[in-house]
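A short write-up of the structure that comes next.
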Amino acid sequence: MPSLTILLPLALMQINPSNAAPLGTPDELINRPPRPIDPGAPVELTDPNARWLAGCLEQLETDASRAHSQAQIKRATALGEERVIANHCLGLAATQLGLWTDAENAFLEARNETPEDQQRVRARFGAMAGNAAMAGGNPSGAVPLLEKALADASAAASAPLQVIAAMDLARALVALGRLERGLAPLETATGLAPDESEAWLLKATLLRRLDRLGDAQAAIERAVAISPQDSEIGLEAGVIAILGGREDAARSSWQSVIEVQPDSLAAETARGYLAQLGAVPDTPPEPTPEPAIEGSQP
């Protein structure tokens, strides 16, 4: 069977945070904004299966419901690679429609029906199934899917896929309250991708929740160095600073978020944090030296 081209969904439903962080901050570890994921190589229109997939994906852009129906019909009569690509498009259509159980099942079937020697493709489908489970509010179901995706990505020696699966596995574990276990996949992610600011942000957030403020500070500094304009990083840097008793640093971080993106949701959150802190305490004026009396010694 020829190698399959896989497209990852570009938007995933956010998960409600648990164990809210100080000052009401959104917990970036389990409530991150949708992030684009590298879709892989473009589809090559060299055979009927690839042409059908391209047509289904084109239909997806204009009418997701119709693409969903077409993929279901295709899957009902397909075998082998045809069934894999039918599940691929079905999962993407279900994702766009918010049908998370359908999406999870379609991606999982695509993963399981992909030949075992195509571990990179299996890793992509496994990560997609895990994301769908998370979006559907099922982190306990997402964990084994993402663990398999991480193992497949490792076997395929694909560092980018390992990083994606590791970060999402950490999100799932934290959503289940398994904070200590969530740290290991983030160590994997930052080790494989030391220039990936999101991985450092997630690691800093988790370390902060584990009350390891020194380690959290080091991790957020790495994130800031990589992406100094990232508003989510600025928010978390402020939270870590305020918990460490560094109010001036917290104010500076949150003010920078407002200055960089004044109309963003992050800026609104930063303004709320600053409002909770209140006005900057007045600094008492330095005493004015008394004028010297003529003829006196200095």
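The values are calculated or read from the model by the stated rules, or taken from the named source; none is laboratory data. These figures come from a predicted structure and were not determined experimentally. As a convention, Cβ positions derive from the backbone with ideal geometry for all residues, glycine included, and neighbour counts pool all protein chains shown.
Miscellaneous remarks
- Segment 53-87 - residue that is of a type in the set (S, T, N, Q) and surrounded by fewer than 18 Cβ atoms within 10 Å (Cβ to Cβ) and, of those, farthest from GLY98 (Cα to Cα): THR77
- For segment 177-205, the set of residues classified as under 21 Å from GLN229 (Cα atoms) and among the hydrophobic types (A, V, I, L, M, F, W, C) consists of ALA193, ALA199, TRP200, LEU201, LEU202, ALA204, listed by residue number.
- Members of segment 193-211 that are surrounded by fewer than 16 Cβ atoms within 10 Å (Cβ to Cβ) and either over 17 Å from GLY177 (Cβ atoms) or aliphatic (A, V, I, L, M) (or both): PRO194, ASP195, LEU210
- Positions within segment 146-157 being among the aliphatic types (A, V, I, L, M) and either outside any loop (DSSP other than H, G, I, E, B) or buried (at least 19 other Cβ atoms within 10 Å of the Cβ) (or both), in sequence order: LEU146, ALA149, LEU150, ALA151, ALA153, ALA155
- In segment 244-257, the residues that are crowded, with 18+ Cβ neighbours inside 10 Å and either more than 14 Å from ILE233 (Cβ to Cβ) or in contact with a Phe, Trp or Tyr (Cβ under 8 Å, 6 or more places away or on another chain) (or both): ALA250, ARG251, TRP254
- Test: residue in segment 213-222 that is modelled with pLDDT of 95 or more, surrounded by 24 or more Cβ atoms within 10 Å (Cβ to Cβ) and not small (Gly, Ala, Ser): yes
- Of all residues assigned to segment 224-236, at least one qualifies as being surrounded by fewer than 24 Cβ atoms within 10 Å (Cβ to Cβ), without any contact (Cβ under 8 Å) to a residue 12 or more places away in the chain and within 21 Å of ILE258 (Cα to Cα).
- Test: ARG212 is without any contact (Cβ under 8 Å) to a residue 12 or more places away in the chain and closer than 14 Å to VAL143 by Cα: no
- Among residues of segment 150-183, those that are over 16 Å from the mean Cα position of the chain (by Cα) and on the phi < 0 side of the Ramachandran plot, counted: 13
- Matching option when the condition is under 21 Å from ALA175 (Cβ atoms) and in contact with a Leu (Cβ under 9 Å, 6 or more places away or on another chain), among ALA86, ALA54, ALA103: ALA103
- Among the residues of segment 103-135, those that are without any contact (Cβ under 8 Å) to a residue 12 or more places away in the chain and charged (D, E, K, R) comprise GLU116, ASP117.
- Considering segment 80-139, the qualifying helices (runs of 4 or more DSSP H), each wholly inside and each with 2 or more residues that are in the same structural domain as ARG66 (by TED's automatic domain parsing) and closer than 15 Å to HIS68 by Cβ, run over 80-97, 100-113.
- Index of the failed condition, ASP248 passing every other in (1) under 20 Å from the mean Cα position of the chain (by Cα); (2) assigned to a helix (DSSP H, G or I): (1)
- When each of PRO160, PRO185 is tested for being assigned to a helix (DSSP H, G or I) and at pLDDT below 95, the lone residue that passes is PRO160.
- Per-region count, segment 109-145, residues surrounded by fewer than 24 Cβ atoms within 10 Å (Cβ to Cβ), under 14 Å from VAL84 (Cα atoms) and either modelled with pLDDT of 95 or more or β-branched (Val, Ile, Thr) (or both): 1
- Selection from segment 167-185 of residues that are buried (at least 24 other Cβ atoms within 10 Å of the Cβ), closer than 19 Å to GLY126 by Cβ and aliphatic (A, V, I, L, M): MET167, LEU169, ALA170, ALA172, LEU173, ALA175
- Going through (1) touching a Pro at 6+ places or on another chain (Cβ under 9 Å); (2) touching a residue at least 40 places away in the same chain (Cβ under 8 Å); (3) of a type in the set (A, V, I, L, M, F, W, C); (4) within 22 Å of ALA129 (Cβ to Cβ) one by one, ALA153 falls short only on (2).
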